[in-house]
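Report on one structure; see the data block that follows.
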Amino acid sequence: MVSVNEKALRTLEYGKIIERLQQYAGSEPGRRLCAELKPQTELSKILELQKETSDALARVFQKGSLSFHGLPDIGGTIKLLEVGSSLLAGELLKISSVLTATLRVKQYGMSGQEERNDSLTERFTLLEPMVALNNEIQRCILSEEEIADDASAGLKHIRRQMRLMNDKIREQLASIVNSQDNKLMLQDALVTMRDGRYCLPVKQEYQSKFSGMIHDRSSKGSTVFMEPMAIVKLNNELAELAEQEKIEIEKILAELSAYAAEHVENLSYNMKTLTELDFIFARAVLSKGMKGTEPKFNERGYINIKKGRHPLIDPHKVVPIDIYLGGEFSLLVITGPNTGGKTVSLKTVGLFTLMGQAGLHIPAFDGSELAVFQDVFADIGDEQSIEQSLSTFSSHMTNTVSILSKADANSLVLFDELGAGTDPTEGAALAMSILLSLHRKGVRTIATTHYSELKVFALSTEGVSNACCEFSVETLRPTYRLLIGIPGKSNAFAISKKLGLSEDIIEEARNFIGVKDQSFEDVIADLEKKRLATERDVEEAAKRLAEAEALKQKYAEKSERLDAAKERILREANEQAKDILQEAKDYADSTIKKFNKWEKSGAGRDMENERNALREKLGEKENSLAVKRKKQKNQKVLAADEIKVGDTVHVLSLNLTGTVATLPNAKGELYVQIGALRTQVGLKDISPAEPEKEPEQKARTEVGKIKLRKSMSISPECNLIGMRVDEALPVLEKYLDDAYLAHLPQVTIIHGRGTGALRDAVHQYLKRLRYVKSYRIGSFGEGDHGVTIVEF
């Protein structure tokens, strides 16, 4: 476990990240693991946690999220089994819920397993759903209050006897109630239960005349609840049956408990593994939500964050930063205006370090790198203590003294406004001395400041670099971009002028600044201008390079398409030519055989018929070619004097373009060169070739992208509670389509209990969907009759 002090965790708001993480855990045991997550210091452990998060995220993108919602904690139940205790029905149902979840999670993990073998594979493989035990529990126990009649033969017999006994008692009571002699004595013609025995409400004044035992009285005393003597024996027999039922149920629960105790090790492993997987997938879903990536890690103190976004700032407003430390310099001094992003940059580095070492992904570009630190120290914000009578400066200095005594080369130290709250000259001197002391120790340090002296210190000290938060004088707003290597420039004069302050006052103020200070500010301004010009040049070069790459790709694709089309056309032409030659050969062979036969027999009429058939066959071929030519309505037929050697023409019968090789002869025939093929055609079979058009870019299918977006975002549950049927069905239709496109194996439709109208409408709709394999009412732990589980 890391030794990061609690103060740094609070200062860098690590707790808020953990609160978010807990929201993604589906079970209470999983949320406890999330709450206990702390940064690690062993590189091997950090890499193991990061690998788990990345593998879970890959599975989420491929198959959708894995829900652990409603997974009960059976740790106490397992301990009862270990000591041989008999469990209650509710405790056995919790075991059933865990086993049902185990089966669902194992199926999720093992689907497509032939393509994937990662750090989570072993956990999924070793899960043991114990289907037989689960089925037995579900067969015997219907709910926490109800045991099934078929749980045992004895229970079934006892309950059948109880039903018969109840019928006898009701018949006897009905005859007593309907008796004319008893109607006057009864307060109401109804049967009630008192102390588990059937009674009748008798008027108080007739209690002595009514034959029976008194069990209760009304609050006013006007009614006495009496058990008629005629059914006392029957009630006694019913009570005895009820006691037998209780004993039989205890026996059934004891047998089920013993059955579960045989598998206590598997139950314990399942519970532990499901909790760990809930914790791991919560980290993955957190990463997905903030578009996180797995950072690289090193033990040489090098940090390189690419386009890092602080995870607690609105993602639509946060400005990504690039920041690095530990390479050419180990100390970074950040200057710039207030609210310009200095503190956010500081917190981003600290929070990313804590998150990364805790096995969480960071919201930054791929290839970002973090160092493994043994401790992180942060002095950020106003820590004035009224109770301890400490000023802001004193409070910060107390923290600084503590940091200086504990920090070493394996620490990361973050200072916000170091040396502030006291005389500027003394504060700047103290700040430089503190930073120099840490720098000599090799401590990786980042400090923000307003002091110009620290800018000079950073420029003149080896291994120290300046950085600033960019500020736009035109808009009078910070851009929140962090620029490393450039000290921050004071913008007081420019801002004042923009706001309308007199030029005379500004010039006079300039005279109060020392020559060295003014010269230093001019150098900074010149550096800023050169930086902006360089950035513009780099952006322009990158833009042109991207355009060139796009053109290169475009023409490469065009060349591939042309090559493929050429091969296809030649292949099809060869196949057609082969078929035509084979057909002609077969027809000629057949005709020759017939003519030889008819010549010997003198069958002239048959020979003439065969000639006519041959002419018709040739005519059909000509007609088919003519039809093809007619379809070219807009094609112009060329005259002999319009044709020149080298002209490009379109051969209609072949639907190919070629070059004229010879001029037409007296019959109007000429040779056309089509690639390597030289063919003779007639004037009616050619037309001017159309100008070559750029092949239209085929729309690339977006189906793959749609599926990815849906698996990232589609929930395994659809909540229809509160909707009318006509409102719910369109929502359900779109959700099921999206879930099916995202390849979710099953989903949960939450419709509530209510009158059952919404549930029936959902079921009627599901019956009509061809891609729905099955659906069922949720079991205990899944939502019971309030949900429907749909399997695609």
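The values are calculated or read from the model by the stated rules, or taken from the named source; none is laboratory data. Note that this is a predicted model, so its numbers are computed, not measured. As a convention, Cβ positions derive from the backbone with ideal geometry for all residues, glycine included, and neighbour counts pool all protein chains shown. Quick note on the areas: whole protein, heavy atoms, side chains included, nothing else; ligands and nucleic acids left out. Shrake-Rupley method; radii C 1.70, N 1.55, O 1.52, S 1.80 Å.
A few notes on this one:
- Near Ser67, no amide H atom lies under 5 Å from its own; only residues 5 or more places off or on other chains count, and H is placed 1.01 Å from N.
- Projected label points at Asn166 and Lys296, each 7 Å from Cα along the beta carbon direction, are separated by 7.4 nanometres.
- When the charge dipole of the stretch 131-269 is built from unit charges on Cβ atoms (+1 for Lys and Arg, -1 for Asp and Glu) and taken about the Cα centre, the candidate among Ala148, Ala242, Pro201 whose Cα reaches farthest toward its positive end is Pro201.
- Shape class of the stretch 721-792 from the alpha-carbon gyration tensor: oblate, with a/c at 1.5 or above and b/c at least as large as a/b.
- Protein accessible area in the stretch 90-201, 1.4 Å probe - carbon and sulfur %: 48
- Total charge dipole magnitude, the stretch 14-113, about the Cα centre, Cβ charges on Lys, Arg, Asp, Glu only, Debye to nearest 20: 260
- Summing charges over neighbours of Thr748, with a neighbour being any other residue whose Cβ is under 14 Å away from its Cβ, gives -1 when K and R count +1 and D and E count -1.
- Distant-in-sequence amide contacts of Glu717, defined by a placed amide H-H separation under 5 Å and a gap of 5 or more residues or a different chain, comprise Thr748.
- Accessible area, probe 1.4 Å, largest first, for residues Asp322, Asp167: Asp167, Asp322
- FRET efficiency for Gln62 and Gln23, using Cβ-Cβ distance with R0 set to 25 Å, rounded to 0.05: 0.60
- Karplus 3J(HN,Hα) series, Hz, for the stretch 763-773 with 6.51 cos²θ - 1.76 cosθ + 1.60 (x for Gly, Pro): 5, 4, 5, 5, 4, 8, 8, 6, 8, 8, 6
- With a threshold of 19 Å on the Cα-Cα distance, the over-threshold entries among Lys291/Lys554; Lys455/Lys498; Lys306/Lys441; Lys168/Lys233 are Lys291/Lys554; Lys455/Lys498; Lys306/Lys441.
- Cα gyration tensor, the stretch 148-199 - rounded (a/c under 1.5), prolate or oblate: prolate
- Distant-in-sequence amide contacts of Tyr480, defined by a placed amide H-H separation under 5 Å and a gap of 5 or more residues or a different chain, comprise Glu470.
- About the Cα centre, charge dipole magnitude for the stretch 715-792 (Lys/Arg +1, Asp/Glu -1 at Cβ), debye: 260
- With a Förster radius of 60 Å applied to the C-beta separation of Gln673 and Val538, the computed FRET efficiency comes to 0.70.
- Rg and Dmax of the stretch 34-183, Cα atoms only, in Å: 25.7, 92
- Here the 3J(HN,Hα) profile of the stretch 423-435, calculated from phi with Karplus coefficients 6.51, -1.76 and 1.60 at θ = phi - 60°, is 4, x, 5, 5, x, 5, 5, 4, 4, 5, 5, 5, 5 Hz, Gly and Pro shown as x.
- Karplus 3J(HN,Hα) series, Hz, for the stretch 145-157 with 6.51 cos²θ - 1.76 cosθ + 1.60 (x for Gly, Pro): 9, 9, 9, 5, 4, 7, 4, 7, 5, x, 5, 4, 5
- Put Asp408, Asp118 in order of accessible area, highest first, and with a 1.4 Å probe you get Asp408, Asp118.
- Under Stokes-Einstein, with the Kirkwood radius over Cα pairs as Rh, the value for the stretch 345-445 at 25 °C and 0.890 mPa s is 165 µm²/s.
- Packing order of peptides 324-333, 501-510, 644-653, highest average first: 324-333, 644-653, 501-510 (average count of other Cβ atoms within 10 Å over each peptide's residues).
- For the stretch 78-114, the residues whose backbone nitrogen is under 13 Å from a point 7 Å from the Cα of Ser268, taken along Cα to Cβ, are 78-84.
- Here Phe457 sits with roughly 20 square angstrom of accessible surface, probe radius 1.4 Å.
- Taking all protein chains together, Thr422, Thr400 sort by accessible area into Thr422, Thr400, largest first [probe 1.4 Å].
- Once both labels are positioned 7 Å from their Cα atoms along Cα-to-Cβ, the gap between Ala546 and Ser502 label points is 5.0 nm.
- Rg/Rh (Cα only; Kirkwood hydrodynamic radius) as it applies to the stretch 1-48: 1.00
- The Cα atoms of the stretch 191-293 give a gyration tensor whose axes a ≥ b ≥ c have a/c of 1.5 or more with a/b no greater than b/c, which makes the shape oblate.
- Burial order of peptide ranges 227-237, 300-310 (average beta-carbon count within 10 Å, highest first): 300-310, 227-237
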